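S.K.: Starting off with a structure, shown below.
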Amino acid sequence: MALYYDLHIHSAASPCGADDMTPNNIVNMAIIKHLDIIAVTDHNTSCNLPAIFKVAKNLGLMFLPGIEVQTKEEVHMLCYFKEVENAVRFGDIIYDSLPSIRNDPNLFGNQYIFDEHDNIIGDIEKLLLSSSCFSINELIECVRKFDGAIIPAHIDRTSYSIISNLGFIPENLDIKTVEISRFSNSAAQLLKTFDTSSLNIIKSSDAHYLADISERENSLPINEITMSAIFNYLRGGK
């Protein structure tokens, strides 16, 4: 059974995300592209997950709540949760750990919070592009306290990836799944260099613009369309 996905999308809460990355626009674009499930993973915040979850539920699209956390090593890690409530609680912990640097929209972009009707109901004060105070090890431990799954993001990129910053994936991290970027050349080169035979690999868009959301081309090889099956795969199940 194949479940077509894009598990790395940014809303307009991320300062690098386009202002039209609203809950309804994201969900409807995913439906237009015939995706079965999406995850929205903004930088260091969960503020828009409740609104996007409501829209996805109303329109019949599976939604995986997520956050892209920047660790103190400046490594991007994708954190996924079965329930929005746990994602929001986790997101509050991450946001509180960020340094008190105010966002300047003119320099970095807007950090909008939406309701389920795409109304702007707030702006996120702290700059979300900062590193949290969590190390990779500490972040893994925190995610698991919320029954989540965690994977290194875009490991083939030359910045903000676990391989670009550490040079390897430490064995003690107990990482079972990794994400490669949608740029096939860099991903192919990495896969030739590193032994990934023991890892599950996903490829998502890291979309900051609506047009960049994945087409119906990447699928999870799972036996049933349930959150349990999805998390089993993200945690290393085959």
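S.K.: Between a residue in segment 121-141 that is without any contact (Cβ under 8 Å) to a residue 24 or more places away in the chain and any residue that is among the acidic types (Asp, Glu), which pairs come within a Cβ distance under 8 Å, given they are 6 or more apart or on different chains?
M.R.: ILE121/ASP115
S.K.: All but one of (1) touching a Pro at 6+ places or on another chain (Cβ under 9 Å); (2) assigned to a strand (DSSP E or B) hold for ALA87, so report the exception by its number.
M.R.: Every listed condition holds for ALA87 apart from (2).
S.K.: As an exercise: evaluate ASN200 against (1) modelled with pLDDT under 90; (2) at negative phi and give the number of the one condition it does not meet.
M.R.: (1)
S.K.: Going through segment 100-120 one residue at a time, which ones are touching a Pro at 6+ places or on another chain (Cβ under 6 Å), buried (at least 17 other Cβ atoms within 10 Å of the Cβ) and of a type in the set (A, V, I, L, M, F, W, C)?
M.R.: Listed by number, the list holds a single entry, PHE114.
S.K.: Next up: Can you go through ILE38, ILE94, ILE113 and tell me which one is under 19 Å from ALA12 (Cβ atoms), within 16 Å of the chain's Cα centre (by Cα) and part of a strand (DSSP E or B)? Spell out how you get there, then give the answer.
M.R.: Working: ILE94 fails: part of a strand (DSSP E or B); ILE113 fails: within 16 Å of the chain's Cα centre (by Cα).
Answer to the selection: ILE38.
S.K.: Restrict the check to segment 85-98 and report whether at least one residue is touching a helix residue (DSSP H, G or I) at 6+ places or on another chain (Cβ under 6 Å), modelled with pLDDT of 95 or more, among the small types (Gly, Ala, Ser) and buried (at least 18 other Cβ atoms within 10 Å of the Cβ).
M.R.: Of all residues in segment 85-98, those touching a helix residue (DSSP H, G or I) at 6+ places or on another chain (Cβ under 6 Å) come to 87.
Restricting the remaining residues to those that are modelled with pLDDT of 95 or more gives 87.
Right, trim to among the small types (Gly, Ala, Ser) and you get 87.
From what is left, the residues that are buried (at least 18 other Cβ atoms within 10 Å of the Cβ) are 87.
Checked segment 85-98: at least one residue is touching a helix residue (DSSP H, G or I) at 6+ places or on another chain (Cβ under 6 Å), modelled with pLDDT of 95 or more, among the small types (Gly, Ala, Ser) and buried (at least 18 other Cβ atoms within 10 Å of the Cβ).
S.K.: Please count how many residues of segment 2-35 are among the acidic types (Asp, Glu) and in contact with a helix residue (DSSP H, G or I) (Cβ under 9 Å, 6 or more places away or on another chain). Spell out the reasoning first.
M.R.: The first filter runs over segment 2-35 and keeps only residues among the acidic types (Asp, Glu), leaving 6, 19-20.
Keeping just the survivors that are in contact with a helix residue (DSSP H, G or I) (Cβ under 9 Å, 6 or more places away or on another chain) gives 6, 20.
Number satisfying all stated conditions: 2.
S.K.: I've got another one for you. Pairs under 6 Å by beta carbon, first residue farther than 22 Å from SER219 by Cβ in segment 1-17, partner hydroxyl-bearing (Ser, Thr, Tyr), six or more apart or different chains?
M.R.: ALA12/TYR112; ALA13/THR45; GLY17/SER11
S.K.: Quick check: is even one residue across segment 49-66 closer than 17 Å to PHE134 by Cβ and in a loop (DSSP other than H, G, I, E, B)? Reasoning before the result, please.
M.R.: Here is the first cut: in segment 49-66, the residues closer than 17 Å to PHE134 by Cβ are 66.
Next, from what is left, pick out any that are in a loop (DSSP other than H, G, I, E, B): none.
No; the residues of segment 49-66 include none that is closer than 17 Å to PHE134 by Cβ and in a loop (DSSP other than H, G, I, E, B).
S.K.: How about segment 121-238: which strands (runs of 3 or more DSSP E) wholly inside it have at least 2 residues that are surrounded by 15 or more Cβ atoms within 10 Å (Cβ to Cβ) and among the charged types (D, E, K, R)? Steps first, please.
M.R.: Values: elements: 149-152, 177-180, 200-203, 219-221.
Once the strands (runs of 3 or more DSSP E) in segment 121-238 are filtered for at least 2 residues that are surrounded by 15 or more Cβ atoms within 10 Å (Cβ to Cβ) and among the charged types (D, E, K, R), nothing remains.
S.K.: Could you list, ordered by first residue, the pairs with Cβ atoms under 6 Å in which the first is in segment 77-89 and within 17 Å of LEU139 (Cβ to Cβ) and the second is of a type in the set (A, V, I, L, M) and in a strand (DSSP E or B), at least 6 apart or interchain?
M.R.: MET77/VAL69; MET77/ILE150; LEU78/ILE151; CYS79/ILE67; CYS79/VAL69; CYS79/ILE150; TYR80/LEU64; TYR80/ALA149
The values are calculated or read from the model by the stated rules, or taken from the named source; none is laboratory data. Small disclaimer: the values here were computed from a predicted structure and weren't measured. Cβ: placed from backbone, ideal geometry, glycine included. Neighbour counts: every protein chain shown.
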